Amino acid sequence: MSDPREAMVELARLIYARQLSDSAGGNVSVRSQGRIYITPRFMGSRYRWSITPDLISVLDAETHEVLEGPGDFSREAKAHLALYRAFPEAGSVIHAHPFYIQVFACANRPLPAVTEYTHKFGTIPCIPPVKAHTQALADSVVETLLPRRAEFASHGLAALLAYHGIIVMGHDLDEAYDVLERMEVNARCTLLGALLRSIEG
């Protein structure tokens, strides 16, 4: 993908429409041809995920110098950049606050795999509380996902952020989104399955 900005704009609107994130924020990035494209600050509160291509910042993938677009990009960029450094094969990162996943994140609990199409991911870990927007959080994300490097050859990776949300990484934008939506459906099935069992019991 030579210039992913239009695809990022389309995907951002889909994420918000499908309640895969909220007005508290979230962010999307893509690495392509030596550049990193990342969504703006205030993605939720100001834009409600309805952005235009000119709001996406374009960074040099090595120096992180802003080449195009606004300099005021997402404050969670530290985690995105850290993942790109640690995983040279990574092509996209999404951080979001999905409707059902938030229940697990805010309970500081991992997300078990209950659907057939999430079994390959296993249990999604929940990173202990770390202050948002910090290098410490970025480092924690990398430390959590690095042990699963071998798995990344066949599918995307994800981790919950305690009291915060989820971060997913894929080889490209489509894969990152796919992981995000699979995990959200999995979270819904886990919660409603528990409710169903309690009613039946």
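The values are calculated or read from the model by the stated rules, or taken from the named source; none is laboratory data. These numbers come from a predicted model, not from an experiment. Glycine gets a Cβ as well: all are built from the backbone with ideal geometry, and neighbour counts include every protein chain shown.
Contact map, region 185-201: residues that are within 18 Å of Ile124 (Cβ to Cβ) paired with residues that are assigned to a helix (DSSP H, G or I) and of a type outside the set (A, V, I, L, M), Cβ distance under 7 Å, separation 6+ or inter-chain. Pairs shown: Asn186/Thr118; Ala187/Phe104.
Being touching a strand residue (DSSP E or B) at 6+ places or on another chain (Cβ under 9 Å), surrounded by fewer than 22 Cβ atoms within 10 Å (Cβ to Cβ) and either in a helix (DSSP H, G or I) or touching a residue at least 60 places away in the same chain (Cβ under 8 Å) (or both) is a description that applies to Glu143.
When Ser154 is tested against (1) surrounded by fewer than 20 Cβ atoms within 10 Å (Cβ to Cβ); (2) polar (S, T, N, Q); (3) under 14 Å from Leu83 (Cβ atoms), only condition (3) is not met. Residue pairs whose Cβ atoms lie under 7 Å apart, separated by 6 or more positions or on different chains, with the first residue in region 1-19 and closer than 15 Å to Gln33 by Cβ and the second outside any helix (DSSP H, G or I) and modelled with pLDDT under 95, are Ala7/Met1. Filtered by the rule that a residue be closer than 27 Å to Asp22 by Cβ, in contact with a strand residue (DSSP E or B) (Cβ under 8 Å, 6 or more places away or on another chain) and of a type in the set (Gly, Ala, Ser), region 34-69 gives Gly44, Ser45, Ser57, Gly69.
With respect to (1) on the phi < 0 side of the Ramachandran plot; (2) not in a helix (DSSP H, G or I), the lone exception for Ile15 is condition (2). For the condition more than 22 Å from Leu83 (Cβ to Cβ) and either crowded, with 16+ Cβ neighbours inside 10 Å or hydroxyl-bearing (Ser, Thr, Tyr) (or both), Ser45 qualifies.
In region 148-200, the qualifying residues are those that are of a type in the set (S, T, N, Q) and either assigned to a strand (DSSP E or B) or modelled with pLDDT of 95 or more (or both), and the one that is nearest to Gln19 (Cα to Cα) is Asn186. A count restricted to region 61-87 and to residues that are within 24 Å of Leu157 (Cα to Cα) and acidic (Asp, Glu) stands at 2.
Scan region 22-53 for residues that are part of a strand (DSSP E or B) and either modelled with pLDDT of 95 or more or farther than 17 Å from Glu10 by Cα (or both) and report the count.
Quick first cut of region 22-53, residues part of a strand (DSSP E or B) only: 22, 25, 27-32, 35-38, 40.
Within this subset, residues satisfying the condition of being either modelled with pLDDT of 95 or more or farther than 17 Å from Glu10 by Cα (or both) are 22, 27-32, 35-38, 40.
Of the residues in that region, 12 qualify.
The numbered conditions (1) touching a residue at least 40 places away in the same chain (Cβ under 8 Å); (2) over 20 Å from Tyr100 (Cα atoms) are all true for Arg41 except (1). If you go through region 123-136 one residue at a time, do you hit one that is farther than 23 Å from Leu11 by Cα, without any contact (Cβ under 8 Å) to a residue 60 or more places away in the chain, in contact with a Cys (Cβ under 6 Å, 6 or more places away or on another chain) and assigned to a loop (DSSP other than H, G, I, E, B)? Looking for residues that are farther than 23 Å from Leu11 by Cα, without any contact (Cβ under 8 Å) to a residue 60 or more places away in the chain, in contact with a Cys (Cβ under 6 Å, 6 or more places away or on another chain) and assigned to a loop (DSSP other than H, G, I, E, B), one finds none in region 123-136, hence no. With respect to Gly69, determine if the residue is closer than 19 Å to Asp172 by Cα and among the small types (Gly, Ala, Ser). No.
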